[in-house]
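Visitor: Sharing a structure below in structure tokens format, with a few things to ask.
The values are calculated or read from the model by the stated rules, or taken from the named source; none is laboratory data. Bear in mind that the values here come from a model prediction, so they are computed numbers and not experimental data. Positions of Cβ are backbone-derived with ideal geometry, glycine not excepted, and every protein chain shown enters the neighbour counts. To get the accessible areas, we keep the full protein, side chains included, count just its heavy atoms, and leave off ligands, DNA and RNA. Shrake-Rupley method; radii C 1.70, N 1.55, O 1.52, S 1.80 Å.
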Amino acid sequence: MEALISSLTQHEVFAINHASDVAAVRRSGQKLADALGFNETRAGQLALIITEAATNILKHAGEGEIHVGPAQSSAGVGVDVLAIDKGPGIPDLDASLIDGVSTTGTAGTGLGALSRLADEFDAYTQQGQGSAFFMRIWRDVPAPEPCGVEIGALWTPMAGEEECGDGWGVRCDSRGASMLAVDGLGHGPEAARAAAAAIRVLDARKGGQAGELMHAAHDALRPTRGAALATARIDFDASELRFAGVGNIGGCVIDGSRRALVSHNGIVGHNMRKVQEFALPFPKGALCIMHSDGIQTQWDLDKYPGLAGRSPALVAAILMRDFIRRRDDAMVLVVRRLGS
């Protein structure tokens, strides 16, 4: 199934600090389920997932946040729920996922319920550093077949702004996947307009190569204030990723080791002197991570044992949680090629 998955879709973030916050997230999930055509049973499962995830944050961490939005997958229609905290972590995650096991004297059904109710479930925790839980529920049963990549992305505007000038997009087809990460110059509505213009280029150009997408975006962004932009194309047959970047978008490929993706100076739409494609091996299981300068660059997945093998949504969540600068828009895009 070839479809654009991007930051242009609805995505809501809720701070969880009080019991009253649980109902607010649940109402948002219900509204999204209705809009996507969920039946009563599937919508009810989503409501339970949100309730258990938010309640778990309050019980074990005291505070955290929940992200709710359409499934970041071109395989079908669904809803993603991501719960993140910086609490004490879970000493034995596997044991905590068994119904009846509790560290707070409760019935111990919360985490077990999350894993049972969700069609896709993953979790990551570190003692003393917090936890993150990813749940996906599809509208239709059985769950659809995935495309060739798995996607996880988070984005947020700087404090005081309603629109985010950072964005991302991924388009998957039978031969590969094209992706971009964009940071509109500055912040606010005009930066968001520049980011959206770049994403629409990806939507219009099926199977576009990295350099081709960059040149097309340069033309499309001329009427805007411009942007930093990184584009990439995964070729499934060649097991290769080709990358082109202009401006301050951080990027790397992780496949056992970490290899940086190199961008040139400039502003797409205004002052783009050079576009150069770089090719790197991209076997099954490899990760491509791209992020805006709203995320610090000195992160190291080796300090999070096992995280590189978890869902891309969890990788994006931990990087956003621990390395966001908070004085600018921020975005993280993580794409894994499916397979061993």
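Visitor: Would you give the gap between the C-alpha center of region 308-330 and the C-alpha center of region 18-50, rounded to a whole Å?
Guide: Using only Cα atoms to place each centre, the spacing works out to 24 Å.
Visitor: Take the alpha-carbon positions of region 1-88, form their convex hull, and give its projected area averaged over all directions (one quarter of the hull surface) in nm².
Guide: On the way: hull surface 23.9 nm².
Taking the Cα atoms of region 1-88, their convex hull projects to 6.0 nm² on average.
Visitor: Given the whole protein assembly as supplied and a 1.4 Å probe, what does the accessible area of ASP119 come to in Å², nearest 10?
Guide: 70
Visitor: Calculate what fraction, in whole %, of the accessible area of region 1-88 sits on carbon and sulfur atoms when a 1.4 Å probe is rolled over the protein chains.
Guide: 52
Visitor: Just the accessible area per residue of region 280-340, please: how many Å² with a 1.4 Å probe? Working shown, then result.
Guide: On the way: 2260 Å² over 61 residues.
Per residue, region 280-340 has an accessible area of 37 Å².
Visitor: Please state the shape class of region 70-201: rounded when a/c is under 1.5, otherwise prolate if a/b exceeds b/c and oblate if not, all from the C-alpha gyration tensor.
Guide: Because a/c hits 1.5 or more and a/b fails to exceed b/c, region 70-201 counts as oblate.
Visitor: I need the Kirkwood Rh of region 141-186: take the reciprocal of the average 1/r across all distinct C-alpha pairs and report it in angstrom.
Guide: Radius from the Kirkwood sum: 13.1 Å.
Visitor: Here's something else I'd like to know. Provide, as a two-decimal number, the C-alpha radius of gyration of the chain over 2.2 N^0.38 Å, N being how many residues it has.
Guide: So the chain has a normalised radius of gyration of 0.97.
Visitor: Over the alpha carbons of region 1-151, what is the largest minus smallest coordinate on each principal axis, giving the biggest first in Å?
Guide: 45, 31, 28
Visitor: I've got another one for you. Can you give the Kirkwood hydrodynamic radius for region 166-247, in Å, rounded to one decimal and based on Cα pairs?
Guide: Numbers: mean 1/r = 0.0804 Å⁻¹.
It is 12.4 Å.
Visitor: Multiply the residue gap between ARG258 and THR9 by 0.36 nm, knock off their C-alpha separation, and tell me the result in nm, one decimal place.
Guide: Values: separation 249, 0.36 × 249 = 89.64 nm, distance 3.02 nm.
Taking ARG258 through THR9 to full extension adds about 86.6 nm, to one decimal.
Visitor: Same structure, new question: Cα centroids of region 154-187 and region 225-263: how far apart, whole angstrom?
Guide: Using only Cα atoms, the two centres lie 14 Å from each other.
Visitor: Return the distance in nm (one decimal) between the two label points of a simple spin-label model at ASP173 and LYS274, each offset 7 Å from Cα along Cα→Cβ.
Guide: It works out to 3.0 nm between the two label points.
Visitor: Please give every one of the lysines within straight-line cross-link reach of LYS284, meaning a C-alpha to C-alpha distance under 28 Å, and leave out same-chain neighbours fewer than 8 residues apart.
Guide: LYS206, LYS303
Visitor: A further question follows. To the nearest 20 debye, what charge dipole does the chain have about its Cα centre, counting +1 at the Cβ of each Lys and Arg and -1 at the Cβ of each Asp and Glu?
Guide: Details: 32 positive and 40 negative charges, 127 e Å.
With only Lys, Arg, Asp and Glu charged at Cβ, the dipole is about 600 debye.
Visitor: Starting from the 7 Å offset along Cα-to-Cβ, what nm value, one decimal, do you get for the label separation of ARG325 and ASN39?
Guide: Label at ARG325, label at ASN39, 4.9 nm between them.
Visitor: Can you give the calculated 222 nm mean residue ellipticity of the chain, where each DSSP H run of n ≥ 4 adds -39,500 (n - 2.57) and the sum is split over every residue, rounded to the nearest 500 deg cm²/dmol?
Guide: Only helices count here, giving -8000 deg cm²/dmol.
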